[in-house]
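Participant: One structure, pasted below without further comment.
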Amino acid sequence: MSALMQNLQSQSATPHGRAIEPFDVLDACHQQMVTALAQMSDLVAHLQNHGVDGQAQTMAKNIFMFFMNTARQHHIDEERHVFPALINSGNDDLVQATLRLQQDHSWIEEDWLELAPQFESIAAGYNWFNIDQLALAVPVFQALYQDHMALEESLIYPEAKVRIAEWDLQGMGREMAMRRKARG
């Protein structure tokens, strides 16, 4: 779990005395996603050159755990706290963009559910994966996620920051922290 996520869970302040902002957590998660997506390509290349070894197992476990936990919590955060303000904005462009992102979440989950057993297999040291399928599916998954994050960062997050009241942001942060704490 990242230090930023731990800070959110504990509702602690930064060294400068200000509380962790929910959008800081969402942005940090995007940075972690960029890293995890790149690790997918690294893992495919490693498997093609070395097969399943200890390094492949560690890489696969980290990828699997990130997308099973952190990425899913991130999508829940957006669905509960970010998207409603935009869907109710009355701005047709924002509504359509937000609906597209909700559909992306479904596609991302569907793609992940196809990839997850392969990463889980590799993490366990098994060869129950299809390298050709991984080599084709990983770039599709990466492209969908990268396009999704670009829309969120360029339009959705800035618009949501303007539309979500300060007291809603505080509640958003508390809910995000409590849900993560409950998940352990």
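Participant: If a residue must be aliphatic (A, V, I, L, M) and surrounded by 14 or more Cβ atoms within 10 Å (Cβ to Cβ), how many such residues does the stretch 157-171 contain?
Facilitator: 3
Participant: Any idea which of 128, 112, 107 is of a type outside the set (Ser, Thr, Tyr) and part of a loop (DSSP other than H, G, I, E, B)?
Facilitator: Result: 128 is the single residue among 128, 112, 107 that is of a type outside the set (Ser, Thr, Tyr) and part of a loop (DSSP other than H, G, I, E, B).
Participant: Could we say that residue 107 is hydrophobic (A, V, I, L, M, F, W, C), touching a Ser or Thr at 6+ places or on another chain (Cβ under 6 Å) and surrounded by fewer than 16 Cβ atoms within 10 Å (Cβ to Cβ) here?
Facilitator: no
Participant: Can you find a residue that is buried (at least 19 other Cβ atoms within 10 Å of the Cβ) and of a type in the set (D, E, K, R) anywhere in the stretch 66-87?
Facilitator: Scanning the stretch 66-87 turns up at least one residue that is buried (at least 19 other Cβ atoms within 10 Å of the Cβ) and of a type in the set (D, E, K, R).
Participant: Which ones in the stretch 82-134 are in contact with an Asp or Glu (Cβ under 7 Å, 6 or more places away or on another chain) and in contact (Cβ under 8 Å) with a residue 60 or more places away in the chain?
Facilitator: Residues satisfying the conditions are 86, 94.
Conditions tested, residue by residue: (1) more than 26 Å from residue 81 (Cβ to Cβ); (2) open to solvent by 30 Å² or more (accessible area, probe 1.4 Å); (3) over 21 Å from the mean Cα position of the chain (by Cα).
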{"position": "120", "(1), (2), (3)": "yes, yes, no"}
{"position": "124", "(1), (2), (3)": "yes, yes, yes"}
{"position": "127", "(1), (2), (3)": "yes, yes, yes"}
{"position": "139", "(1), (2), (3)": "yes, yes, no"}
{"position": "152", "(1), (2), (3)": "no, no, no"}
{"position": "155", "(1), (2), (3)": "no, yes, no"}
{"position": "173", "(1), (2), (3)": "no, no, no"}
{"position": "182", "(1), (2), (3)": "no, yes, no"}
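Participant: How many residues, within the stretch 150-183, are under 22 Å from residue 31 (Cα atoms), free of Cβ contacts under 8 Å to residues at least 12 places away in the same chain and either of a type in the set (Gly, Ala, Ser) or outside any helix (DSSP H, G or I) (or both)?
Facilitator: 2
Participant: Now a separate question. Going by what's in this entry, would residue 116 be described as over 19 Å from residue 31 (Cβ atoms), among the hydrophobic types (A, V, I, L, M, F, W, C) and open to solvent by 20 Å² or more (accessible area, probe 1.4 Å)?
Facilitator: Values: over 19 Å from residue 31 (Cβ atoms): yes; among the hydrophobic types (A, V, I, L, M, F, W, C): yes; open to solvent by 20 Å² or more (accessible area, probe 1.4 Å): no.
Taking the combined requirement at face value, the residue does not satisfy it.
The values are calculated or read from the model by the stated rules, or taken from the named source; none is laboratory data. Just so you know, these numbers come straight off a predicted model, no measurement behind them. Positions of Cβ are backbone-derived with ideal geometry, glycine not excepted, and every protein chain shown enters the neighbour counts. Each accessible area value is taken on the protein alone, full model and side chains, heavy atoms only, with ligands, DNA and RNA left out. Shrake-Rupley method; radii C 1.70, N 1.55, O 1.52, S 1.80 Å.
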